[in-house]
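Notes for the one structure printed next.
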Amino acid sequence: MFHNKGVRITMIKILNLIDKIDFKKYQFQFFYILISCISLLYILKMAFAIEKKYCIFLAIIVLMIEIFYYFFLQKKVKQRIEIHKLYLILIIGIGLLYIFAFPPSQIPDETSDYLRSLEVSEMHLISVQKGKKVGRKFSRNIYKVFGSKSYDDYLENSDEKLVGKKDFMIFPNKSLYAFICYIPQAIGIGIGRILKLPIVYQLLFGKLINFSLFVVLTYLSIKYIPTKKNLLLLICMFPITIQEATSLSADCMTIATSISLVSFIAWARNKKMIFKRKHYISLFLLSVCLSLCKIVYLPICFLTLLIPKENFKNLKSKLFYCTILLLTVIMFNLIWLKISSAYLIAFNDLRNSNSQVQLAYIITNPISYLVILFNTIDINIYSYLEQMVGLYLGPLTIRTSSVFVILTLGLLVYFIAKKDTKKESELSNIEKMYALLIIIGTTLLIFTSLYLQWTEVYAKVIDGVQGRYFIPLLPLIGLLFMTKNDKNNKINLFALTTMFLFNLLSIMTIFTTYI
């Protein structure tokens, strides 16, 4: 009896103690411990899959990073550090790890991206066409470097330079891209060539310059956008976003310029100050670069019409500038289409597709094409969402974590739909319809371009569509739900922690893949 009574008293004391705990105060700690344990379990699973000697080492490293991050974050939040500054600290550290994690050629199309960047660095803005082949002559040593499948191969080929015999190397898929997409990468590779560095170091310089552009543009975007700061931070910290930002891919500039353009427009609507020369130049460069990265994103440039007349001298001035801007963007794209259309023959032959036949089919059978479009989305919708966040990295064979993908997608929906304040919407209903048409139009162009260029003739499903192609549309979707200015843009600790640990897990997965 006494023993039972003692147990009851102890249980009552424990329950009273639990009742006194302020769970709301410690919800971040609970959440952090939970997802930290999940990430550690993934790391242990990977470590046991390779060699046991790495198991304890990796677990200790991850645990130390997680502990450091926890106290670092707590300190910065208490200091009330601004979101864009905290983002800058995290993105630089995480990005550098991604740069050194991948051996050459282990990111999709990286070999072709390097060849196109190298071509631009040599001041060749247009590729050479030889019959049905499109490319340029380069040193055979490139084959050795980009044949690296592990860190051992990477180190073995680290001394190879652009010397010796040359071969005509084809890259028609990247020759279709305007040279402007590869200027940052070309600058980095050009620096390496001037210093006569091996190919591996040229590659790293190209990645660093490309990543630097991404960091600058996204940092300024998060800093100046009046609301939805957490949404932009989340998008920028998707593992797939950082992978593209730290590669030689043109997707880096596409994502960065789309985020920057939406941020610029939201900032302009909030400020309503008369533009200075630097603002006109910034708007022009963002629009031109975005449209030339991929023509399918050209409709996003029409968001400039949402800039209020108050940012110009008057309505007439706004209409004049926007008309000139949009006509210039369209003209540049038509010129590049004229130049690159010759490459489609080689590209279509490579893919067993036929742009002319496919286009004729769309025009004569629009309903059938809509069925193909719907069928494609119906089959692949979940794959697109997983790819958009980063379930698969590298050559799309490095699997990260379904748990973190679900958490990230949940946060994405939350930040898109969440109203930062109780104030009225930033866009009127007519403006929302206009923005929605741009989103739908861009989505249709993404699918249609790949149907024309990448899909076999008369196929019932569109091939080649990847989730990352929709990332440039996410800031625009967030714009639909944006409210008036909210100066109290607090850091969302759950989102920041989730993305930090998701990227930490992804980096460890990459390293263990190539050890």
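The values are calculated or read from the model by the stated rules, or taken from the named source; none is laboratory data. This structure is a prediction, so every number in the text was calculated from the model and none was measured. Cβ: placed from backbone, ideal geometry, glycine included. Neighbour counts: every protein chain shown. When the accessible area is computed, the model is the full protein with side chains, heavy atoms only, and any ligands, DNA or RNA have been set aside. Shrake-Rupley method; radii C 1.70, N 1.55, O 1.52, S 1.80 Å.
Okay, here's what the table says:
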item: Matching residues, the stretch 288-313, being outside any helix (DSSP H, G or I), at pLDDT 90 or above and either of a type outside the set (Phe, Trp, Tyr) or within 17 Å of the chain's Cα centre (by Cα) (or both); result: 307, 308
item: Residues satisfying the stated conditions in the stretch 443-454, i.e. part of a helix (DSSP H, G or I) and either open to solvent by 20 Å² or more (accessible area, probe 1.4 Å) or farther than 17 Å from residue 370 by Cβ (or both); result: 443, 444, 445, 448, 449, 450, 452, 453
item: Test set (1) modelled with pLDDT under 70; (2) touching a helix residue (DSSP H, G or I) at 6+ places or on another chain (Cβ under 9 Å) - residue 30 fails condition number; result: (2)
item: Matching entry among 396, 385 (being exposed (fewer than 14 other Cβ atoms within 10 Å of the Cβ) and within 20 Å of the chain's Cα centre (by Cα)); result: 396
item: Yes/no for residue 53 being modelled with pLDDT under 70, in a helix (DSSP H, G or I) and closer than 22 Å to residue 236 by Cβ; result: no
item: Residue in the stretch 159-170 that is among the basic types (Lys, Arg) and surrounded by 15 or more Cβ atoms within 10 Å (Cβ to Cβ) present; result: yes
item: Among residues of the stretch 399-436, those that are touching a residue at least 60 places away in the same chain (Cβ under 8 Å), surrounded by fewer than 17 Cβ atoms within 10 Å (Cβ to Cβ) and of a type outside the set (D, E, K, R), counted; result: 4
item: The listed residue being assigned to a helix (DSSP H, G or I) and open to solvent by less than 30 Å² (accessible area, probe 1.4 Å), out of 113, 152; result: 113
item: Residue ID - nearest to the chain's Cα centre (by Cα), chosen from residues in the stretch 253-275 that are buried (at least 24 other Cβ atoms within 10 Å of the Cβ) and closer than 15 Å to residue 227 by Cβ; result: 259
item: Residue list for the stretch 117-134, filter: open to solvent by less than 100 Å² (accessible area, probe 1.4 Å), over 15 Å from residue 189 (Cα atoms), over 27 Å from the mean Cα position of the chain (by Cα) and of a type outside the set (Val, Ile, Thr); result: 129, 131
item: The stretch 455-484: number of residues that are assigned to a loop (DSSP other than H, G, I, E, B) and surrounded by fewer than 21 Cβ atoms within 10 Å (Cβ to Cβ); result: 11
item: Those residues of the stretch 126-149 which are under 26 Å from residue 335 (Cα atoms), assigned to a loop (DSSP other than H, G, I, E, B) and in contact with an Asp or Glu (Cβ under 8 Å, 6 or more places away or on another chain), in sequence order; result: 127, 132
item: From 509, 513, residue being under 30 Å from residue 153 (Cα atoms), among the polar types (S, T, N, Q), open to solvent by 40 Å² or more (accessible area, probe 1.4 Å) and assigned to a helix (DSSP H, G or I); result: 513
item: Set 177, 182, 87, 98: member being under 29 Å from residue 287 (Cβ atoms) and in a loop (DSSP other than H, G, I, E, B); result: 177
item: Filter result (without any contact (Cβ under 8 Å) to a residue 60 or more places away in the chain and open to solvent by less than 10 Å² (accessible area, probe 1.4 Å)) within the stretch 291-318; result: 291, 301, 304, 307, 311, 312
item: Among residues of the stretch 171-221, those that are in contact with a helix residue (DSSP H, G or I) (Cβ under 8 Å, 6 or more places away or on another chain), closer than 17 Å to residue 246 by Cα and open to solvent by 20 Å² or more (accessible area, probe 1.4 Å), counted; result: 11
item: Any helices (runs of 4 or more DSSP H) falling wholly within the stretch 211-271 and containing at least 2 residues that are among the polar types (S, T, N, Q); result: 239-245, 251-271
